[in-house]
Amino acid sequence: MSHAAPSFDLIPGAADSPVLLHVPHSARAIPDDVRAGIVLDDAALERELDHITDAHTAEIAERAAVLAGVRPWRFVNRLSRLVVDPERFPDEREEMTAVGMGAVYTRTTHRAELRPADTDPEPLLARYFRPYAAAMTQAVADRLAATGRAVIIDVHSYPAEPLPYELHGSGPRPPVCLGTDTFHTPPDLTESARKAFADCGGTGLDSPFAGTYVPLDFYGTDARVGALMVEIRRDTYMTEPGGPAGPGLDRLATALAALVDALRP
């Protein structure tokens, strides 16, 4: 666990690309002072990181960016979601607060204690969550200014078997789950994703995870911002939990590049 890792990186793509590959949950790094507030011992924390981390998704996005005909932009979280989860609502709108997994987690994937329940989230929100949200907002604004539109493709993964924290874990678990939003996910974006991932074992919609990530400045108000969540079932490309990537990673990167190319200007 190190202080050295920056909180996030924006990796430039082509000037005329509207696409922003967002990778929020791929990292395991936890700064030492944040680690001090987590009650798990080191071995238990490593096990939790195995379960909660979307392992290798940054590599999938990186390879896709190289393969794409027009290189997309990438916004990559360099810290673990156990520091803050940048995709949660930081208030009562967040349904995952019910299981102690709002913007600052107090419970683990198996509903054990991660932090004391009375932990004040504000210092972590101020230090990590709000700067991340501001930078992502600016990244989207820059794509709008440069190209007239922005398309956020969220790159995630999820376990083959439901974990106890999942609120909607009883539904289908397809090889690739496409999370959509009624306002920000137009039908042609969903169809492009279905075609791009057709050779990856099949796709499904909004199960076990639904919705998309859009910065709040644009959410529900700016139709120029498109968004799609790509949730990849981990057994299709890696050894679970937390193990190495396998040959499926290249196939998924190629499919993601095909989706990026379908959105080219």
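Table for the structure above
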| quantity | calculated |
| --- | --- |
| All Cα pairs of segment 102-222, percent lying beyond 24 Å | 44 |
| Segment 156-265 shape via C-alpha gyration tensor axes, a/c threshold 1.5 | oblate |
| Debye-sum result for the chain in log10 I(q)/I(0), which assumes one identical scatterer on each alpha carbon, at q = 0.15, 0.17 Å⁻¹ | -1.10, -1.45 |
| Trypsin sites (Lys or Arg not before Pro) within segment 1-98, DSSP loop, no more than 12 other Cβ atoms inside 10 Å | 93 |
| Residues with amide H under 5 Å from that of residue 21, placed H, sequence gap 5 or more | 73, 74, 75, 153 |
| Surface share of carbon and sulfur [accessible, 1.4 angstrom probe, percent] for segment 1-143 | 54 |
| Per residue solvent-accessible surface (Å²) - the chain, probe of 1.4 Å | 42 |
| Net charge, residue 175 excluded, C-beta distance under 11 Å - Lys, Arg +1, Asp, Glu -1 | +1 |
| At least 18 Å along the helix axis (C-alpha) and Kyte average at least -0.5, DSSP helices within the chain | 130-147, 248-262 |
| Two-decimal log10 I(q)/I(0) for segment 48-94, as the Debye equation yields it once each C-alpha is a single scatterer, q = 0.19, 0.29, 0.31, 0.32 Å⁻¹ | -0.76, -1.09, -1.15, -1.18 |
| Whether segment 141-194 is rounded, prolate or oblate, judged on the alpha carbon gyration tensor where a/c under 1.5 counts as rounded | prolate |
| Using alpha carbons only: equivalent-ellipsoid semi-axes of segment 48-169, gyration tensor based, whole Å | 28, 19, 12 |
| For the chain, size of Cβ-based charge dipole, Lys and Arg +1, Asp and Glu -1, in debye | 640 |
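The values are calculated or read from the model by the stated rules, or taken from the named source; none is laboratory data. Worth saying up front: this structure is predicted, and the values here are computed from it rather than measured. Cβ coordinates were reconstructed from backbone atoms using ideal geometry, including for glycine residues, and neighbour counts include every protein chain displayed. Remember, those area values only see protein heavy atoms, side chains included, never the ligands or the DNA or RNA. Shrake-Rupley method; radii C 1.70, N 1.55, O 1.52, S 1.80 Å.
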